[in-house]
Amino acid sequence: MSGKLKPDIGKIVRYGPSRLYCPHLDRDDIQETDVLVLGSGAAGLMAALNAAEVCRVTVVSKGPLDEGNTAYAQGGIAGVFSESDSLEKHISDTVEGGYGLCREEVVRKVVSEGPELIRRLFEMGARFDRDEDGRLTLTREGGHHERRVLHALGDRTGREMERALGEAVKGSPSVRVMENTFAIDLLVDGDACMGALVMTPERRFRIVSARAVVIATGGLCQVYRETSNPETATGDGLAMAYRAGARVEDLEFVQFHPTTLYLAGAPRFLITEATRGEGALLLNVHHERFMPRYHPMAELAPRDVVSRAMLEEQKRTGSSTIYLDLRHLGAEKVRKRFPQITAVLKSYGLDVGTDLVPVCPSAHYAIGGVKVDLGARTTIGRLYACGEAAATGFHGANRLGSNSLLESIVFGATAGANAAAEALSAPHPEHPRLLGVCESGEKVDSAFPDVEIDVTDARNSLKALMWRSAGIIRDGAGLEEALSRIKFWARYLIYRRFTSPDGWELQNMLTVSRLIVDAALMRTESRGVHFRSEYQKTDPDWERHIYMER
Ligand code: FAD
Ligand code: SIN
């Protein structure tokens, strides 16, 4: 807990230019808003709604409004709603799950402000599952000692939250939505953020000038070959904030989820932990159950333990095959409780009543991000961050299932309210100044301008490297190898002037990977989701957060 935490430790890492693209624009290319929200997941939409109560808001989203990690969330959102539960119990479970690195004041804030915001979702029309008497049906997930996980439409919790929030945002006269618009970089003058450079769907550069900006761009797990995250999760907001000089924190803590569908040619579709909560078992290639040999909680052990046990079992049996067995739960029960999973498996010819489901662990959640305080403020003036893009200290060194949607709505609401309050008292950035800042970035022409880049190939090489060297089990030699390759690739990629989002995403992924590897090298211990094979013990000297800045 924070009282016992040792002081944060940091490192200056200079990597790449401070801006990716610095076009020449004029006044017609500037649009004004009061609060600019980058990202339209649970965090961004909650921020937008709160800010829109008092000022004009623009939401920028690189895809359709409802595309992002939020829409894929299955298990649910945690909150104290049952009579046997209490805020203190939820706080204590979260802190216990965080391996000594939770910030107590943050845990207290998220857990106690969460239920009120979940009620707001009810008012917006989010259809959380209830029993015949209208009582919420609450489930349990790993690390939660009480039933406190609310779910919607069975296993479509995120999609339903996104729908309700999206409709509320679209219905607000104070919010302008810019879909399929890519945020390239923040525009920072001195210590104040003044807006962002974006590319519109027509591939035109625009400046969105703002009196305060909220980063809600989600996670970064696309830097790994195996991931449960959709294509959007390339760490853009984190990379942008780092380039602009903001402090980033806890990047070594990437959570791996044990069970994503592992079928050649199929996406790594998540199979929720709630299936194991309902009794599903993990089997090795010989159809033997193995988790009881690894942990007393067997299949419901913490995610990092289950993921490592799966790797160990693959090594022991000489086969990459691991199955999730739902057959004994009864096809009808599974279909009712997990309709989406049943349908997806069916589309690949798998019947939950009779077939074993091949699964593998994959990168799932970024605990680290842009460092913020209790008010969602970053280290740059008028710049806020929330959701998976932010590092609040809520999850410590691990994260309990269903705690991230909760953190997203709580910090989203805080970021929106505080950004709006600040915007009301801040002047609009002056246009000449803004245009000057936009043009004034570092030179970003490649040293090898004539070399053709196959962006997809470079992206896949990076993802393979990160999976191999900075994945579930890490060691110094592998991390050093990753660092030197990332530095080498940077020589011809990071200063290159790309002109479309796929190139900028690649540059962001390189930046994020570099920061993850640096942080993982620094933490010479194992704690929570960070496991170093040559430092397997948790070291009390490392009861501290690691930050980086340029
Ligand atoms: P997101 O929902 O990812 O939204 C990010 C937004 O930023 C998107 O709109 C994206 O388009 C936009 N964006 C990104 N980059 C740019 C850019 N350059 N320019 C413009 N826009 C940009 N958590 C739980 O608590 N419970 C669960 O059951 C659960 N299940 C999960 C299942 C899956 C498969 C996954 C992937 C995650 C799950 N999580 C769950 C985690 C949780 O969903 C996320 O942590 C949370 O939704 C993050 O919300 P967010 O608003 O921060 O980001
Ligand atoms: C899951 O449903 O297993 C994922 C839940 C989470 O990541 O919080």
Within region 19-47, the residues that are away from ligand 2 (no atom under 16 Å from the Cβ) and either in a helix (DSSP H, G or I) or among the small types (Gly, Ala, Ser) (or both) are 27, 28, 29, 39, 40, 44, 45, 46, 47
Given the options 93, 129, 85, 133, name the one that is surrounded by fewer than 21 Cβ atoms within 10 Å (Cβ to Cβ) and within 15 Å of ligand 1 (Cβ to nearest atom). 129
Scanning region 381-394 for residues that are farther than 14 Å from residue 43 by Cβ and open to solvent by less than 10 Å² (accessible area, probe 1.4 Å), the one farthest from ligand 2 (Cβ to nearest atom) turns out to be 383
Suppose the filter is assigned to a loop (DSSP other than H, G, I, E, B), within 15 Å of ligand 1 (Cβ to nearest atom), open to solvent by less than 20 Å² (accessible area, probe 1.4 Å) and closer than 23 Å to residue 255 by Cβ; does residue 143 pass it? no
What tally of residues in region 259-274 results from selecting those that are away from ligand 1 (no atom under 12 Å from the Cβ) and either among the hydroxyl-bearing types (Ser, Thr, Tyr) or closer than 22 Å to residue 530 by Cβ (or both)? 1
Residues of region 290-322 satisfying the condition of being β-branched (Val, Ile, Thr) and surrounded by fewer than 21 Cβ atoms within 10 Å (Cβ to Cβ): 305, 317, 321
Does residue 34 count as touching a Cys at 6+ places or on another chain (Cβ under 6 Å) and either of a type in the set (Asp, Glu) or more than 17 Å from residue 392 (Cβ to Cβ) (or both)? yes
Can you tell which of 294, 262, 323 is more than 26 Å from the chain's Cα centre (by Cα) and under 28 Å from residue 222 (Cβ atoms)? 323
Which residue is nearest to ligand 1 (Cβ to nearest atom), if the candidates are limited to region 405-433 and must be touching a strand residue (DSSP E or B) at 6+ places or on another chain (Cβ under 8 Å) and open to solvent by 20 Å² or more (accessible area, probe 1.4 Å)? 418
Picking from 455, 512, which residue would you name as being of a type in the set (A, V, I, L, M, F, W, C), in contact with a Leu (Cβ under 8 Å, 6 or more places away or on another chain) and open to solvent by 10 Å² or more (accessible area, probe 1.4 Å)? 455
Of the residues in region 276-305, how many are at pLDDT 95 or above and closer than 19 Å to residue 155 by Cβ? 3
Can you tell me which condition residue 167 does not meet? The list is (1) buried (at least 23 other Cβ atoms within 10 Å of the Cβ); (2) more than 15 Å from ligand 1 (Cβ to nearest atom); (3) part of a helix (DSSP H, G or I), and all the others hold. (1)
Please verify whether region 73-83 includes one or more residues that are assigned to a loop (DSSP other than H, G, I, E, B), over 17 Å from the mean Cα position of the chain (by Cα), at pLDDT 95 or above and within 16 Å of ligand 2 (Cβ to nearest atom). yes
Picked from region 228-258 (must be near ligand 1 (Cβ under 8 Å from one of its atoms) and not in a loop (DSSP other than H, G, I, E, B)), the residue nearest to residue 437 (Cα to Cα) is 240
The conditions are (1) open to solvent by less than 30 Å² (accessible area, probe 1.4 Å); (2) touching a Leu at 6+ places or on another chain (Cβ under 8 Å); (3) over 16 Å from residue 91 (Cβ atoms); (4) within 16 Å of ligand 2 (Cβ to nearest atom), and residue 121 fails exactly one of them. Which is it? (4)
Would a scan of region 316-323 turn up a residue that is part of a helix (DSSP H, G or I), in contact with a Phe, Trp or Tyr (Cβ under 6 Å, 6 or more places away or on another chain) and not small (Gly, Ala, Ser)? no
Tell me, please, whether a residue that is out of contact with any Gly (no Cβ under 6 Å at 6 or more places or on another chain) and surrounded by 24 or more Cβ atoms within 10 Å (Cβ to Cβ) can be found in region 486-493. yes
Cross-chain or 6+ apart pairs with Cβ under 6 Å, region 492-508 first and acidic (Asp, Glu), then not in a helix (DSSP H, G or I): 505/234
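One line per residue, one yes/no per condition, for (1) more than 16 Å from ligand 2 (Cβ to nearest atom); (2) without any contact (Cβ under 8 Å) to a residue 60 or more places away in the chain; (3) among the charged types (D, E, K, R):
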| position | (1), (2), (3) |
| --- | --- |
| 162 | no, no, yes |
| 171 | yes, yes, no |
| 188 | yes, no, no |
| 194 | yes, no, no |
When region 182-210 is examined, which residues are found to be outside any strand (DSSP E or B) and either out of contact with any strand residue (DSSP E or B) (no Cβ under 7 Å at 6 or more places or on another chain) or surrounded by fewer than 21 Cβ atoms within 10 Å (Cβ to Cβ) (or both)? 190, 191, 200, 201, 202, 203, 204
If you scan region 129-141, which residues turn out to be touching a residue at least 24 places away in the same chain (Cβ under 8 Å) and more than 23 Å from residue 218 (Cα to Cα)? 129, 136, 138, 139, 140
Which condition does residue 505 not pass, out of (1) modelled with pLDDT of 95 or more; (2) over 21 Å from residue 182 (Cβ atoms); (3) among the acidic types (Asp, Glu), if it passes all the others? (2)
Residue 267 passes all but one of the listed conditions (1) in a loop (DSSP other than H, G, I, E, B); (2) within 15 Å of the chain's Cα centre (by Cα); the exception is number (2)
Out of (1) closer than 30 Å to residue 512 by Cβ; (2) within 27 Å of the chain's Cα centre (by Cα), what's the single condition that is false for residue 315? (2)
Any residue in region 51-67 that is within 16 Å of ligand 1 (Cβ to nearest atom), open to solvent by 20 Å² or more (accessible area, probe 1.4 Å), in contact (Cβ under 8 Å) with a residue 60 or more places away in the chain and in contact with a strand residue (DSSP E or B) (Cβ under 8 Å, 6 or more places away or on another chain)? yes
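The values are calculated or read from the model by the stated rules, or taken from the named source; none is laboratory data. It should be emphasised that the depicted structure is a prediction, and the values quoted were computed from it without experimental measurement. Please note: Cβ atoms are built from the backbone with ideal geometry, for glycine as well, and neighbour counts cover all protein chains shown. Calculation scope for accessible area: heavy atoms of the full protein, side chains included, ligands and nucleic acids excluded. Shrake-Rupley method; radii C 1.70, N 1.55, O 1.52, S 1.80 Å.
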